[in-house]
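See structure below.
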């Protein structure tokens, strides 16, 4: 093929650039909860993610990649025109990488999958529009729009499902641990059950998402038995370890946490009073208004009285959750490396295979060195620019502690398992961000930075069209040189 050497070089550069941006955005948002909660320092998070992301990408990454990611574009569209196909895939890699870099600069956690899909949609539409009339191509039929509709639906499904799970989970932790008279003893009592549930969910996540590329095709039944076995063994170990924790510090729940519980109860009481006021006559409304005024004054006094909520016993509780959070972060990193590296190496492998064969490759074999290139790009991106997105996820949405960060990661993993088995379209990024929002909501709307949530939501909506527009521009430039 003409210009083969140049196209090979561009494919490698653009593929690495895309992988670099996956690391800077996607991996960073996965590790952001651990850094934001203080469970891991930035340096340790980068080291752990580097090892596990690279291991996931190289050892469990897909060895055979679909040419067109997620079946978005009609593969017959490019038959007989390998040059246009190569330029389109190169444009998609460059476009998705460029959008991810912009998003990372502003600290927006966006979906790398949606970025590359949007880019492929863009050059697919442009190719169909510019095709000769005799080919009878139409941009309306060139794209599989039901697939695009599934992606759009994931903007809602992913965050709502994970936010609901994290909200309910953290409410249970507050009730059964932090609002107990002796929170450390309550944690020691519940730790084995927590470890069993967490390890079961994380093992299922690994089977269905982290190891699906290595022919480990297990049905739900056998996978659940394996996961429960791992969870049970881990629970026994946890039971032995937590019993060794010495209660040498005061174990009473701090006054701050008690007052926080009182404030939440008072907030519910005010809510019911307002409802009663709406359906009452004028005289009763005045009496209720007096009660509401008294409740607001009491709330103000409680807020001043609350003070710090930490004490030595609660610090020990949070230390227990640090181990659970680090464990869940490790599972997420490995599973992410094995799957999302395909967003960089899929189009890259398609380009290399097409150059070698001289015809459009509908499927392509992924060479080990290509997997290694993708894994290397991911960890370099995380190490050099990942702090921007980590800052957003870990600190700007809501204040995180190890217990809150653990809840978010657990909810994200649970959502991934449920959605995978139910066939629901989800985005890992949207799932994790939704889980962090759910944890914030469990502490009240005031615990959320709504401006940050708004900016993130807007960035999700514009990811697909931004990728498409960039791809159209880069496709025209590349075709001007090689077409």
Region 379-483: equivalent-ellipsoid semi-axes (sqrt of 5 x gyration tensor eigenvalues, Cα, Å)
32, 18, 14
Relative pair counts by distance (%), Cα atoms of region 3-146, 10 Å bins
10, 33, 32, 16, 7, 1, 0
Let me see the P(r) profile for region 118-243: every Cα-Cα distance counted, bins of 10 Å, each bin given as a percent of all pairs.
11, 21, 25, 18, 12, 8, 4, 1
With everything on Cα atoms, drop me the angle between helix 112-130 and the longest principal axis of the chain, reported from 0 to 90° to the nearest 10.
40 degrees
At a threshold of 8 angstrom on Cα-Cα distance, excluding pairs fewer than six apart, so keeping six or more, what relative contact order does the chain reach in percent?
41 percent
Over the chain, consider all pairs of different Cα atoms and compute the Kirkwood hydrodynamic radius from their mean reciprocal separation; express it in Å, one decimal.
24.1 Å
Between 0 and 90°, nearest 10: helix 450-482 axis offset from the chain longest Cα axis
10 degrees
With Cα atoms, 0 to 90° folded angle of helix 82-105 axis to the chain main axis:
30 degrees
1/(1 + (r/R0)^6) with r = Cβ-Cβ of residue 134 and residue 4, R0 = 41 Å, i.e. FRET efficiency to nearest 0.05, evaluates to 0.90
Take residue 237 and residue 298, extend 7 Å from each Cα along the Cα→Cβ direction, and tell me the distance between the two endpoints in nm.
4.8 nm
Per DSSP H run of at least 4 residues, take -39500 (n - 2.57); add these up for the chain, divide by its residues and hand me the 222 nm value, nearest 500 deg cm²/dmol.
-25500 deg cm²/dmol
Ordered by packing density, taken as the mean number of other Cβ atoms within 10 Å over each peptide's residues, highest first, how do 102-113, 227-238 rank?
102-113, 227-238
Normalised contact order of region 313-401, rounded percent, pairs of Cα under 8 Å and 6 or more residues apart:
25 percent
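No value in this document is a laboratory result; all are computed from the given coordinates. Quick caveat, the model's predicted, so the values are computed rather than measured. Glycine gets a Cβ as well: all are built from the backbone with ideal geometry, and neighbour counts include every protein chain shown.
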